[in-house]
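J.: Before we start, here is the structure in question, set down as structure tokens.
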């Protein structure tokens, strides 16, 4: 039993901030006069007044070791072992545990207590880390008090170049509180080293990325989608091309965790957007061993390889969300992963009809990869609200827009073959008399996002690996 | 002095450092695997290499990964190892 408590006698855990504890202060004084009593005081060593043995438990160690969930808690020990316990104020219960001195004349017969400070949000995990067994399996690394833990993370190669949140036990335990999945569950094998990644390792890297615990289901869903063989994460990681994983979130969880699908949706400033995408990259780096300049052979890369994640704007029920278009039931949470290069801004402030805007968008989309390359990589079109309104006001839905763009993205072969327009790059000369599609029928993913003002949409080019359609595609998974 | 404890975010695996095989003193009587990893124009590069080996009287065998986006399947690697003593893996674009 915790130090300072009687082997035979009563212990009461209380706090001044609890009205019920204040209510029973005379009862505690009465019990003190009657025999052995220690009061464990959580917030004020001067409370309760008139009791000889008040133990200052502002560090909450004794409350934690006694496994107290509410105050007041009355416990009777005999021979160093707990034999009775009651919570809150209940005259009959207190008299059963402590005898007649607990009658509390003049008090109401019953009054519920308050939550113990030791189980307040975030506190319990800190107490487990300090006084209990956190149950974590990952190697513990001691950093001296004179050392900066952020610098220690840099020195060990755990960072993407930006500071990371040091993964302490209490932070990891809080992160694990965001999922019901067991810490030792293996989520999958992370390329390039095909190293097993447990939920605990996900939590550690999510801490480092800056995630909140409520992001954990999304981070786990993103990782599972990334490990779908059809996504070819290994190939994406080691390519010389620009691309990295682009994460698009659909469903009510995006709103629940405060993701941004509006103004500056592809930019900085939103914690969930920023840290969920970053967590995936840190997992690949730290667990999988995917290091830039080593297995990551990108010629130039792109800033999205720090993090590239946003939510779709689902505020208009007339618009079919991307996840639903890709086979997920309406209202379900889902992640879509795409092999995305950087954002290419598309400006059109003159088109006023759907037909005009489709022709204009097609001109922008032809530039993906190279204007003369077709089927060499897919694309995401992020349709801004003002551009979307042009289609909506004309009664167009997603399917009609997709069909129109597919038709508009056909090119005469002679325009795109090698040597055409005095440019060597292009399609094989044998395609000169064919009509060539820029993308396969499902190769253009349209998603709605962005601020209300601005006739600007965004084109995010894909990865040439997508040209082998049976082997490499964007993937959409429901978030469990 | 007390310290702060962090948890290792890595897979906690240590790579095994293996010494590089010594180059053979001669290629006489040996077969060289020429593996096209499936990237654009890889075949052109292999063609050139194959020509140089042929002029030098060195036997070659050609192989190709099913796709450049994924690692080579184990059975292909085993086949290359069984049939050859050296290998050239072509990276090209």
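J.: When the residues of region A:245-287 are narrowed to those that are closer than 19 Å to residue A:192 by Cα and part of a strand (DSSP E or B), which ends up farthest from the other protein chains (Cβ to nearest Cβ)?
T.: Checked region A:245-287; the qualifying residue farthest from the other protein chains (Cβ to nearest Cβ) is A:246.
J.: Additional query: Tally up the residues in region A:331-350 that are farther than 24 Å from residue A:467 by Cα, in contact with a helix residue (DSSP H, G or I) (Cβ under 6 Å, 6 or more places away or on another chain) and outside the structural domain of residue A:378 (by TED's automatic domain parsing), please.
T.: Total meeting the criteria: 2.
J.: Within the group A:166, A:183, which residue is part of a loop (DSSP other than H, G, I, E, B), more than 8 Å from chain B (Cβ to nearest Cβ), within 18 Å of the chain's Cα centre (by Cα) and surrounded by 19 or more Cβ atoms within 10 Å (Cβ to Cβ)?
T.: A:183
J.: In this structure, does residue B:82 turn out to be touching a residue at least 12 places away in the same chain (Cβ under 8 Å) and loosely packed, with under 11 Cβ neighbours inside 10 Å?
T.: Taking the combined requirement at face value, the residue does not satisfy it.
J.: Still on this structure: Which residues, taken from region A:444-479, are touching a helix residue (DSSP H, G or I) at 6+ places or on another chain (Cβ under 7 Å), under 29 Å from residue A:238 (Cβ atoms) and not in a strand (DSSP E or B)?
T.: A:463, A:465, A:472, A:473, A:479
J.: When you scan region A:191-218, how many residues do you find that are over 23 Å from residue B:14 (Cα atoms) and either without any contact (Cβ under 8 Å) to a residue 60 or more places away in the chain or in contact with a strand residue (DSSP E or B) (Cβ under 7 Å, 6 or more places away or on another chain) (or both)?
T.: Qualifying residue count for the region: 5.
J.: Taking residue A:370 and the conditions (1) more than 31 Å from the chain's Cα centre (by Cα); (2) in contact (Cβ under 8 Å) with a residue 40 or more places away in the chain; (3) under 30 Å from residue A:254 (Cα atoms), which numbered condition does it fall short on, given that it satisfies the others?
T.: (3)
J.: What residue, of A:97, A:143, is crowded, with 16+ Cβ neighbours inside 10 Å, assigned by TED's automatic domain parsing to the domain that holds residue A:24 and either in contact (Cβ under 8 Å) with a residue 40 or more places away in the chain or in contact with a strand residue (DSSP E or B) (Cβ under 6 Å, 6 or more places away or on another chain) (or both)? Reasoning before the result, please.
T.: On the way: A:143 fails: assigned by TED's automatic domain parsing to the domain that holds residue A:24.
Just a single option satisfies the conditions, and that option is A:97.
J.: Output the residues belonging to region B:1-59 that are at pLDDT below 90, part of a loop (DSSP other than H, G, I, E, B) and either within 14 Å of another protein chain (Cβ to nearest Cβ) or buried (at least 17 other Cβ atoms within 10 Å of the Cβ) (or both).
T.: Passing the criteria: B:1, B:2, B:13, B:14, B:15, B:16, B:37, B:38, B:39, B:40, B:41.
J.: What are the residue pairs meeting all of these: first residue in region A:219-243, first residue closer than 18 Å to residue A:291 by Cβ and within 13 Å of chain B (Cβ to nearest Cβ), second residue assigned to a helix (DSSP H, G or I) and modelled with pLDDT of 95 or more, Cβ atoms under 8 Å, and 6 or more apart or on different chains?
T.: Matching pairs, first to second residue: A:233/A:226; A:233/A:284; A:237/A:284.
J.: Let me ask you something else. Could you list, in sequence order, all residues of region A:306-327 that are in contact with a helix residue (DSSP H, G or I) (Cβ under 7 Å, 6 or more places away or on another chain), surrounded by 22 or more Cβ atoms within 10 Å (Cβ to Cβ) and not in a loop (DSSP other than H, G, I, E, B)?
T.: Within region A:306-327, A:309, A:310, A:311 qualify.
J.: In this structure, does residue A:80 turn out to be out of contact with any strand residue (DSSP E or B) (no Cβ under 9 Å at 6 or more places or on another chain), touching a residue at least 24 places away in the same chain (Cβ under 8 Å) and not assigned by TED's automatic domain parsing to the domain that holds residue A:168?
T.: So residue A:80 passes the test.
J.: Let me ask something else about it. Would you mind finding the one in A:52, A:58 that is without any contact (Cβ under 8 Å) to a residue 60 or more places away in the chain, under 41 Å from the mean Cα position of the chain (by Cα), farther than 12 Å from residue A:11 by Cβ and not in a strand (DSSP E or B)?
T.: Going through A:52, A:58 in turn, the sole match is A:58.
J.: Quick test for you: out of A:218, A:199, pick the one residue that is in contact with a helix residue (DSSP H, G or I) (Cβ under 9 Å, 6 or more places away or on another chain) and buried (at least 24 other Cβ atoms within 10 Å of the Cβ).
T.: A:218
J.: Filter region A:94-114 for residues that are assigned to a loop (DSSP other than H, G, I, E, B) and more than 51 Å from the chain's Cα centre (by Cα) and give the result.
T.: Result: A:99, A:103, A:105, A:106.
The values are calculated or read from the model by the stated rules, or taken from the named source; none is laboratory data. Nothing here was measured: the structure is a model prediction, and the numbers come from that model. All Cβ positions, glycine included, derive from the backbone under ideal geometry; neighbour counts span all protein chains shown.
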